[in-house]
Amino acid sequence: DPLYAPLAVDTNVFTRVDDAKKRLGLDGRYVVMMNAMNKGWWTHRKGFPEAFMGFGQFAREHPEAILYVHAEKSGAHAQGIDLIALAINSGVPEHQIAFCDQWEYVSGQITQEHLAVAYSAADVLLAPSRGEGFCIPLVEAQACGTPVIVTDFSAQPELVGAGWTVPGQPEWEAAQTAWLIKADIAAIGEALETCYARTPEQIDTDRVLAVVKATEYDADLVFEPFWKPVLAELDGDAVELPAQDPI
């Protein structure tokens, strides 16, 4: 009898901010956003290599495009990878990539309200993870009306209300004795192109679909039917431990 309670977001905080691009200094740019922890150079679980390479190919045809990365860029804080070196080797020009304020990021000063501005400034959230247990940024971004691009694997597809899934190549993760999926770089580029080519009417429709999906994981809606029964189940009587012989 497994217990189930999904993660959730506060949709009063994660909601669309109309002047977001201006507030981030990204007026006139086509913004592709990533929000993923740069952790563990041996797995690249969040798919940074595939994402950067896919964006690099897309950026050649779209000089106004910029990759906005909400992550620690050096890799020094969580045994991650050097994202600057990765960008250079993925063909991403220096003027087509930007990172969140690094001091604020590593010191935990970036608020949820600021993150909602970033999601709202994005034209699409790029999240081609090799595996996810949930992926809360997908819900946060869609709550702000932003569509998503995800790997067609693990928990990601079920969270997509507006966006695209991309196929990939299986990769064995020996440490976890499990398969991951490495997203296909060409498919990422195609998804970015499809998103870019949308009409204003399609953009409006996607915003509605995104918010509708995110609402399924609103904290207030999730707590009553899912979390309260789980908490009640876990809140059992205290267990009396058997007496221990003195040492």
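The values are calculated or read from the model by the stated rules, or taken from the named source; none is laboratory data. Bear in mind the structure is a predicted one, so any value in this text is a computation, not a measurement. Using ideal geometry, Cβ is built from the backbone for each residue, glycine included, and neighbour counts are taken over all protein chains shown. Only protein heavy atoms, including side chains, enter the accessible area calculation; ligands, DNA and RNA are left aside. Shrake-Rupley method; radii C 1.70, N 1.55, O 1.52, S 1.80 Å.
So, in segment 122-134, of the ones that are under 19 Å from Thr194 (Cα atoms) and surrounded by 24 or more Cβ atoms within 10 Å (Cβ to Cβ), which residue ends up farthest from the chain's Cα centre (by Cα)? Break it down into steps so the answer makes sense when it comes.
Filtering segment 122-134 for residues under 19 Å from Thr194 (Cα atoms) gives 122-128.
Cutting the leftovers down to surrounded by 24 or more Cβ atoms within 10 Å (Cβ to Cβ) gives us 122, 124-128.
On the way: Ala122: 12, Val124: 10, Leu125: 7, Leu126: 7, Ala127: 5, Pro128: 8 Å.
Per the stated criteria, the residue is Ala122.
Output the helices (runs of 4 or more DSSP H) that fall wholly within segment 128-235 and possess 2 or more residues being touching a helix residue (DSSP H, G or I) at 6+ places or on another chain (Cβ under 8 Å), or say none.
Working: elements: 136-143, 185-196, 200-215, 219-222, 228-234.
Those helices (runs of 4 or more DSSP H) span 136-143, 185-196, 200-215.
Taking segment 173-182 as the search range and keeping residues that are hydrophobic (A, V, I, L, M, F, W, C) and touching a residue at least 60 places away in the same chain (Cβ under 8 Å), which one is most open to solvent (accessible area, probe 1.4 Å)? Before the answer, list the steps.
Our first condition is that a residue be hydrophobic (A, V, I, L, M, F, W, C); within segment 173-182, this holds for 174-175, 178-181.
Pick out the ones that are also touching a residue at least 60 places away in the same chain (Cβ under 8 Å) and you get 175, 180.
On the way: Ala175: 87, Leu180: 15 Å².
My answer is Ala175.
Within segment 12-63, which residues are β-branched (Val, Ile, Thr) and within 30 Å of Ala174 (Cβ to Cβ)? Walk me through it before giving the result.
So in segment 12-63, the residues β-branched (Val, Ile, Thr) come out as 13, 15, 17, 31-32, 43.
Listed by number, the list holds a single entry, Thr43.
Which one of these does Pro167 not meet: (1) surrounded by 15 or more Cβ atoms within 10 Å (Cβ to Cβ); (2) more than 14 Å from the chain's Cα centre (by Cα)?
Pro167 satisfies all of (1) surrounded by 15 or more Cβ atoms within 10 Å (Cβ to Cβ); (2) more than 14 Å from the chain's Cα centre (by Cα) except (1).
Identify the single condition in (1) surrounded by 10 or more Cβ atoms within 10 Å (Cβ to Cβ); (2) at pLDDT below 95 that Gly236 does not satisfy, given that it satisfies every other one.
(1)
Just to be sure, is Phe99 over 27 Å from Ser74 (Cα atoms) and not β-branched (Val, Ile, Thr)?
Values: over 27 Å from Ser74 (Cα atoms): no; not β-branched (Val, Ile, Thr): yes.
So Phe99 does not fit the description; no.
Checking Ile185 against (1) free of Cβ contacts under 8 Å to residues at least 40 places away in the same chain; (2) open to solvent by 30 Å² or more (accessible area, probe 1.4 Å): exactly one of these is not met. Which one?
Here Ile185 meets the rest and fails (1).
Identify the residue in segment 195-230 that is open to solvent by 70 Å² or more (accessible area, probe 1.4 Å) and of a type in the set (A, V, I, L, M) and, among all such residues, is nearest to Met33 (Cα to Cα).
Across segment 195-230, the extreme among qualifying residues is Ala197.
Here is a check on your reading of the model: is Lys73 of a type in the set (Lys, Arg) and either more than 17 Å from the chain's Cα centre (by Cα) or surrounded by fewer than 15 Cβ atoms within 10 Å (Cβ to Cβ) (or both)?
no
Report yes if some residue within segment 89-111 is at pLDDT 95 or above, buried (at least 20 other Cβ atoms within 10 Å of the Cβ), under 18 Å from Leu26 (Cα atoms) and aromatic (Phe, Trp, Tyr); otherwise report no.
No, every residue in segment 89-111 fails to be at pLDDT 95 or above, buried (at least 20 other Cβ atoms within 10 Å of the Cβ), under 18 Å from Leu26 (Cα atoms) and aromatic (Phe, Trp, Tyr).
Residues in segment 135-160 that are farther than 21 Å from Tyr68 by Cα, out of contact with any Phe, Trp or Tyr (no Cβ under 6 Å at 6 or more places or on another chain) and surrounded by fewer than 23 Cβ atoms within 10 Å (Cβ to Cβ): how many?
Residues flagged as farther than 21 Å from Tyr68 by Cα, out of contact with any Phe, Trp or Tyr (no Cβ under 6 Å at 6 or more places or on another chain) and surrounded by fewer than 23 Cβ atoms within 10 Å (Cβ to Cβ) within segment 135-160 amount to 5.
Starting from segment 22-34, keep only residues that are without any contact (Cβ under 8 Å) to a residue 40 or more places away in the chain and under 28 Å from His44 (Cα atoms), then list their pairs with residues that are among the acidic types (Asp, Glu) and open to solvent by 20 Å² or more (accessible area, probe 1.4 Å) whose Cβ atoms are within a distance under 7 Å, requiring at least 6 positions of separation or different chains.
Final answer for the pair search is Arg29/Glu64.
Give me the helices (runs of 4 or more DSSP H) completely within segment 1-116, filtered to those with at least 2 residues that are touching a Leu at 6+ places or on another chain (Cβ under 9 Å), ordered by residue number. Steps first, answer last, please.
Working: elements: 20-23, 48-61, 83-89, 102-106.
Of the helices (runs of 4 or more DSSP H) lying wholly inside segment 1-116, those with at least 2 residues that are touching a Leu at 6+ places or on another chain (Cβ under 9 Å) span 48-61.
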